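Structure first, then comments.
The values are calculated or read from the model by the stated rules, or taken from the named source; none is laboratory data. A quick note: this is a predicted structure, and the numbers were derived from the prediction, not measured. Cβ placement follows ideal geometry from the backbone for every residue including glycine, while neighbour counts extend to all protein chains displayed. Please note that ligands, DNA and RNA were not included when accessible areas were found on the heavy atoms of the full protein model with its side chains. Shrake-Rupley method; radii C 1.70, N 1.55, O 1.52, S 1.80 Å.
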Amino acid sequence: MADLQKNFQISFRDAMASFAAGVCVITTDGAAGRYGITMTAVAPVTDEPPTVMLCINRSARIIPILSENGSLCINMLADEHQDVAEHFAGLTGLSPEERFAYHIWHRGKTGQLEIEGALAHLHGHIAGKHEVGTHFVFYVRLDEIKNGAGKRPALLYFRRQFRSLD
């Protein structure tokens with residue numbers, strides 16, 4: 001039975017790898033410190049009030065920091081931000097603090113960090129959270145939205161690789 005469950009999990013992960021998703025870097029800064037993580041499990045929930053859902057593994061280092069800080073910025077990455085995505089996914093060997101040193105950052109009205117040149121910056125606060133299996137689902141109520149200029153292609157994650165929508 002354990003082998004069947006393991007095979008089912010592998011099949012699920014393989015199926016999800018075939019689902020193209022936009023790439024975001026979630027940043028949080030506050031009393032618990034500064035941290036960022038690359039994510040694709042980001043989805044709109046409702047536009048009244050504007051709310052987004054984040055699904056993050058319970059073992060991720062960002063969980064206690066995000067939970068204490070309570071606020072965050074969802075940076076929606078353009079295709080030229082692949083290096084940013086790799087840094088914040090932990091693929092380059094940089095420490096969590098060093099990851100911020102390689103890019104230009106600004107602060108939104110809420111004080112959260114936004115990467116220069118992103119397609120959009122969604123600043124918000126955690127309005128709710130619950131646990132599903134191996135993950136926490138965070139509901140983020142948006143306080144500030146900045147849409148980037150131009151029609152640049154998005155950075156996607158598809159079949160376990162970063163790709164351009166272009």
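Only one of these conditions is not met by H123: (1) crowded, with 17+ Cβ neighbours inside 10 Å; (2) out of contact with any strand residue (DSSP E or B) (no Cβ under 9 Å at 6 or more places or on another chain). Which number is it? The one condition H123 does not meet is (2).
The C-beta contact set for the stretch 15-39 (first residue closer than 22 Å to H121 by Cβ and assigned to a loop (DSSP other than H, G, I, E, B), second residue open to solvent by less than 40 Å² (accessible area, probe 1.4 Å) and among the β-branched types (V, I, T), distance under 6 angstrom, 6+ apart or interchain) comprises A32/I65. S95 meets each of the listed conditions (1) part of a loop (DSSP other than H, G, I, E, B); (2) within 29 Å of A149 (Cβ to Cβ) apart from (2). Can you tell me which residues in the stretch 100-133 are touching a Ser or Thr at 6+ places or on another chain (Cβ under 8 Å) and farther than 26 Å from G150 by Cα? Result: H125, I126, A127, K129.
Within the stretch 50-77, the residues that satisfy the criterion of being open to solvent by 50 Å² or more (accessible area, probe 1.4 Å) and part of a loop (DSSP other than H, G, I, E, B) are R58, S59, R61. Among what's in the stretch 145-161 and is closer than 17 Å to A15 by Cβ and either without any contact (Cβ under 8 Å) to a residue 60 or more places away in the chain or open to solvent by 70 Å² or more (accessible area, probe 1.4 Å) (or both), pick the residue that is farthest from the chain's Cα centre (by Cα). Per the stated criteria, the residue is R159. Filter the stretch 83-98 for residues that are over 16 Å from L155 (Cβ atoms), touching a residue at least 60 places away in the same chain (Cβ under 8 Å) and surrounded by 15 or more Cβ atoms within 10 Å (Cβ to Cβ) and give the result. Matches in the stretch 83-98: P96 only. Scanning the stretch 1-15 finds no residues that are more than 29 Å from E97 (Cα to Cα) and surrounded by 12 or more Cβ atoms within 10 Å (Cβ to Cβ). Return yes or no: is T92 touching a helix residue (DSSP H, G or I) at 6+ places or on another chain (Cβ under 7 Å) and more than 28 Å from D143 (Cβ to Cβ)? In short, yes. Confirm whether T38 is surrounded by 12 or more Cβ atoms within 10 Å (Cβ to Cβ), hydroxyl-bearing (S, T, Y), under 13 Å from the mean Cα position of the chain (by Cα) and farther than 20 Å from G111 by Cβ. Here the answer is yes, as T38 does meet what is asked.
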